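Novice: Below is a structure I'd like to ask you about.
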Amino acid sequence: MTNIIDIITALSSLYMITTLIDNLFETPKNLKTLKLNKQRNMEAYNIIDKFPNTEVTQNQTIDDLENILQNLSYPNELKEIIITFKNYIDPINFQVCINRLTDLKINHFDLIHDIKKYLQNYLNDGIYLPKENTIDIYKIFDKNSVLSHEFLHMASTLKNQTSGFYTKLDSCWIGNGLDEGYTELLNQRIFNTKKISYTYNIEIIKILELFFDNPKDMEYAYFHNNIFKVYHTFLKYGTKKEFFLLLQTLDNLIETDIPIYKKVITVKTKIKLYDIIKRSNDKNKILAAKKLLEKDPLIKFIKNKNLIKSKPIKQYKYTKHNS
Ligand SMILES: [Zn+2]
């Protein structure tokens, strides 16, 4: 594993070079974003322990879920999504979205609007606006996967208008990258949508899920706006500093668009999480994390190179090259 980290570090240097080249042209925006994310997560690091790991309680009982659903009025486009969601989800995670469904609005935008948005560099395919309880769909093709993604943002939005893991600590917001990645992971898992959005975040979050003894506990935390539960679960094996570095990385991945940066930082983060999971001494968890790691084509490629390196003669040659 050390060899892999060496190679990743070498690739990071390559990233620095490409960043410099990019910077000469048009990416100061990206660098500024990385800096802001770092500042924001450092601020959150200093105050997170002030916030207790409390559950948000719901008034509504779930015994009469079927009745409530039958009496609801919701847009036609949503019917199938709601049925699929209800069949998948634990009833206790369904409470939040029931209240919102009654007056949920969906706006589809036309092609001209879509092009205009793209020209303004507004690259969202859709958005959920908690205050208005409205989903705006910008994407013309593959609308359904956007609708179900935004539906999940709605279904995880509580009264304080924060959704999923996106959380306000005093005046600073954290967890955006974690929230988007996990939302899209659930979108693929529940609605079987195509794997096109937030792919790097999802790869990392799948390893993070292994910190929970039961992955359903992470779902519960998501549908109850409880990033603190994720934080405390992470602390079983990891440190506070490692947790915030993870949040910062997940934010960076969705807010920048430098491909080599995204790939390198994702591989590094996955290896880091694997190393943290090894501290659990839980054989099943370690094996599951290893399996996820080995799905990465770059890690697989580097591993194969290591196999060649381990032959004595070739190793001599490599050493000579390096010196
Ligand atoms: Zn989203």
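Novice: Do we have any residue at all in the stretch 103-119 that's under 27 Å from ARG40 (Cα atoms) and either at pLDDT below 80 or away from the ligand (no atom under 16 Å from the Cβ) (or both)?
Specialist: No, that holds for no residue.
Novice: Let me ask another. Does any residue in the stretch 186-200 that is more than 11 Å from HIS149 (Cα to Cα) come within less than 7 Å, Cβ to Cβ, of a residue that is of a type in the set (S, T, N, Q) and surrounded by 14 or more Cβ atoms within 10 Å (Cβ to Cβ) six or more places away or on a different chain, and which pairs are these?
Specialist: If the second residue must be of a type in the set (S, T, N, Q) and surrounded by 14 or more Cβ atoms within 10 Å (Cβ to Cβ), the pairs left are LYS194/SER145; LYS195/GLN188; TYR200/THR266.
Novice: Would you mind finding the one in THR167, THR233 that is hydroxyl-bearing (Ser, Thr, Tyr) and farther than 26 Å from ASP275 by Cα?
Specialist: The conditions single out THR167.
Novice: Answer with yes or no whether LYS229 is away from the ligand (no atom under 12 Å from the Cβ), touching a residue at least 24 places away in the same chain (Cβ under 8 Å), over 25 Å from ASN37 (Cα atoms) and out of contact with any Lys or Arg (no Cβ under 6 Å at 6 or more places or on another chain).
Specialist: No; evaluated as a whole, the condition is false for this residue.
Novice: If you take the residues of the stretch 57-71 that are surrounded by 13 or more Cβ atoms within 10 Å (Cβ to Cβ) and either of a type in the set (A, V, I, L, M) or farther than 15 Å from HIS224 by Cα (or both), which of them is modelled with the highest pLDDT?
Specialist: The qualifying residue modelled with the highest pLDDT is LEU69.
Novice: So, of the residues in the stretch 192-207 that are within 14 Å of the ligand (Cβ to nearest atom) and of a type outside the set (Ser, Thr, Tyr), which turns out to be surrounded by the fewest Cβ atoms within 10 Å (Cβ to Cβ)?
Specialist: For the stretch 192-207, the residue satisfying everything is ILE196.
Novice: Checking GLU77 against (1) closer than 20 Å to ALA221 by Cα; (2) at pLDDT 70 or above; (3) surrounded by 10 or more Cβ atoms within 10 Å (Cβ to Cβ), only one condition comes out false. Which one?
Specialist: Just one mismatch for GLU77, condition (1).
Novice: Right, another one. Can you say whether TYR274 is of a type in the set (Ser, Thr, Tyr), at pLDDT below 95, under 19 Å from the mean Cα position of the chain (by Cα) and assigned to a helix (DSSP H, G or I), as far as the supplied structure shows?
Specialist: No.
One line per residue, one yes/no per condition, for (1) out of contact with any helix residue (DSSP H, G or I) (no Cβ under 8 Å at 6 or more places or on another chain); (2) among the acidic types (Asp, Glu); (3) not in a helix (DSSP H, G or I):
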residue	(1), (2), (3)
LEU185	no, no, no
LYS194	no, no, yes
ASN201	no, no, no
ALA221	no, no, no
HIS232	yes, no, no
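Novice: Any chance the stretch 159-168 includes a residue that's over 24 Å from LEU78 (Cβ atoms) and either hydroxyl-bearing (Ser, Thr, Tyr) or touching a helix residue (DSSP H, G or I) at 6+ places or on another chain (Cβ under 8 Å) (or both)?
Specialist: There is at least one residue in the stretch 159-168 that is over 24 Å from LEU78 (Cβ atoms) and either hydroxyl-bearing (Ser, Thr, Tyr) or touching a helix residue (DSSP H, G or I) at 6+ places or on another chain (Cβ under 8 Å) (or both).
Residue by residue, here is whether (1) part of a helix (DSSP H, G or I); (2) within 12 Å of the ligand (Cβ to nearest atom) holds:
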| site | (1), (2) |
| --- | --- |
| ASP136 | no, yes |
| SER148 | yes, yes |
| MET154 | yes, yes |
| GLN161 | no, no |
| TRP173 | no, no |
| ASP179 | yes, yes |
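The values are calculated or read from the model by the stated rules, or taken from the named source; none is laboratory data. The structure presented is a predicted model; accordingly, all values stated were derived computationally and were not measured. Cβ coordinates were reconstructed from backbone atoms using ideal geometry, including for glycine residues, and neighbour counts include every protein chain displayed.
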